[in-house]
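Asks: For reference, the structure I am asking about is given below.
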Amino acid sequence: MPVNEPPSIDDIDLAIVRQLQDNGRATNKQIAQNLGLTAATVSARIRRMEADDKLRVIAVSDFSAHGYNILMEVAIEVHGRAASEVAEDLAKMPEAFAVHLVTGRYDIDMMLVLKDFDGLKDMMLSRIMEVEGVRSITPTIAVDIIKYQFDVAPIEAGDGS
Amino acid sequence: MSAAQVDDLDLKLIDILSRDARLSNRQIASQLGVTEGTVRGRIKRLQEDGLIAFTAITSFGLADRSKLALIGIQSDATDARAIADRVAQMPDINAVLVTMGRFNILAVCLFNELSEVHHIASEQILAMKEVHHVETTIAVHTIKYNARIVRITNDAAATDKGD
């Protein structure tokens, strides 16, 4: 299946990615010096991986930088409508940062952020419950975030532009 | 949680950097109509305050661990923090939240084979004496995932190098 086969990532690519994971703002020259390469090689390889949608070098920002102080998980039961359609509608909310179709007792699992508890009632009772097909919602509130590590993520084409 | 001191210029800077962190200070400065020194100073402060971090997100790591499971854990509330700390040490666990609701702890696990989730949930977590119940939910399809807004934790840099 050559069509689906991704262009391969070699050891030099991986070494560059590790450098970028440590410091995404390191210059091509710094990375080149650390790895014994030329800056031009580093630059070309980063550009190729980005063009192939294999790599994004980005700033991640903390929830609090955006005024989001509350993190919640909401388990949702769907009735009378395809779960994928309900999930697409839920994903349109800017506060929803993850929406998954899941197996088990619930149909959709959603992670969302809120600025404060004043926004909770409107979010739960109006905006989520009013999405067609949502039968029930079961929220769980995060009181403490012990670990939060995601450096592997689906990269959508054109995502960085 | 204390309110972060972030103004409009900071948010514009974050927005630009969250799309491409490889832009030079000069390129960013000209986009925002400020000096290079302002950009450099703001980036430094946001980093020092733990409000932004620079990293590389890869999709090729997904070949190894492309599936996501949510592991809900019930325990006595007084044990939750200690259990969460132990679960956070497990290498395949990407996020651990202490929660109020159906569970005391919610952990996110990236995996490839179902047997890996079973091993973590049923062999390792359930084996802890303080854990009463473990419930695993498998995500079969991801509709949305925003990797750009996260909780920046102190151990982030250390665990980056994990795999």
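The numbers here are math on the coordinates, done by the rules we state, and not lab data. It should be emphasised that the depicted structure is a prediction, and the values quoted were computed from it without experimental measurement. Counting neighbours? That spans all protein chains shown, and the Cβs are built from the backbone with ideal geometry, glycine included.
Asks: Report the charge-dipole magnitude of the stretch A:46-132 in Debye, nearest 20, computed about the Cα centre from +1 at each Lys and Arg Cβ and -1 at each Asp and Glu Cβ.
Replies: 340 debye
Asks: If neighbour count is taken as other Cβ atoms inside 10 Å, put A:M49, A:M123 in order from fewest to most.
Replies: A:M123, A:M49
Asks: Report ³J(HN,Hα) in whole Hz for each residue of the stretch A:119-126, in order, from the Karplus equation J = 6.51 cos²θ - 1.76 cosθ + 1.60 where θ = phi - 60°; Gly and Pro get x.
Replies: Taking θ as phi minus 60°, the curve returns x, 5, 4, 4, 5, 6, 7, 9 Hz for the stretch A:119-126.
Asks: For B:M90 and B:K129, calculate 0.36 nm times their separation in residues minus their Cα-Cα distance, and state this gained length in nm to one decimal.
Replies: So the chain would gain 12.4 nm between B:M90 and B:K129.
Asks: Taking the number of other C-beta atoms within 10 Å as the exposure measure, put B:T136, A:T103 in order starting with the fewest.
Replies: The fewest-first ordering by Cβ neighbours comes to A:T103, B:T136.
Asks: While we're here: Using only DSSP helix segments of four residues or longer, with each worth -39500 (n - 2.57), what per-residue ellipticity at 222 nm results for chain A after dividing by its residue count and rounding to 500?
Replies: Counting only the DSSP helices, I get -8000 deg cm²/dmol.
Asks: Continuing with the same structure: Order these by the 10 Å Cβ neighbour count, fewest first: A:D122, A:D10, A:D53.
Replies: A:D10, A:D122, A:D53
Asks: Give me the number: length gained by fully extending A:S126 to A:H79, i.e. 0.36 nm times residue separation minus the C-alpha to C-alpha distance, one decimal in nm.
Replies: That pair, A:S126 and A:H79, stretches by 15.2 nm at full extension.
Asks: Let me ask you something else. In debye to the nearest 20, how big a dipole does chain B give about its Cα centre with +1 on each Lys and Arg Cβ and -1 on each Asp and Glu Cβ?
Replies: 560 debye
Asks: Once every DSSP H run of n ≥ 4 in chain B is given -39500 (n - 2.57) and the sum is divided by its residues, what mean residue ellipticity at 222 nm do you get, rounded to the nearest 500 deg cm²/dmol?
Replies: Counting only the DSSP helices, I get -9000 deg cm²/dmol.
Asks: Something else now. Please list, in order along the stretch B:19-28, the HN-Hα scalar couplings obtained from phi with the Karplus expression 6.51 cos²θ - 1.76 cosθ + 1.60 (θ = phi - 60°), rounded to whole Hz, x for Gly and Pro.
Replies: Per residue, the Karplus-derived 3J(HN,Hα) values read 8, 7, 7, 8, 4, 6, 4, 5, 4, 5 Hz.
Asks: Please compute the length gained on full extension between B:H119 and B:Q5, using 0.36 nm multiplied by the number of residues separating them and subtracting their Cα-Cα distance.
Replies: Full-extension gain reported as 36.7 nm.
Asks: Remind me, relative contact order of chain B in percent, using alpha carbon pairs under 8 angstrom and six or more residues apart?
Replies: 22 percent
Asks: What list of ³J(HN,Hα) values in whole Hz, one per residue of the stretch A:27-44 in order, does the Karplus curve 6.51 cos²θ - 1.76 cosθ + 1.60 (θ = phi - 60°) give from phi, with Gly and Pro shown as x?
Replies: Rounded to whole hertz, the list is 6, 4, 5, 4, 4, 4, 4, 4, 9, x, 10, 8, 4, 5, 5, 4, 4, 5.
Asks: Further question: Which FRET efficiency value, to the nearest 0.05, is calculated for A:I12 and A:D144 with the Förster distance at 41 angstrom and r the Cβ-Cβ distance?
Replies: Computed FRET efficiency for A:I12 and A:D144 comes out at 0.55.
Asks: Using the Cα centre of chain A as the reference point, and only Cβ charges (+1 on K/R, -1 on D/E), how large is the resulting charge dipole? Debye, rounded to the nearest 20.
Replies: My answer is approximately 500 debye.
Asks: Given H placed 1.01 Å from N in the peptide plane, which residues other than close sequence neighbours of A:V102 have an amide H under 5 Å from its amide H?
Replies: A:I108, A:D109, B:V140
Asks: Around A:K147, which amide H atoms from residues at least 5 apart in sequence, or from another chain, sit under 5 Å from its own amide H, with H modelled in the peptide plane?
Replies: B:V96
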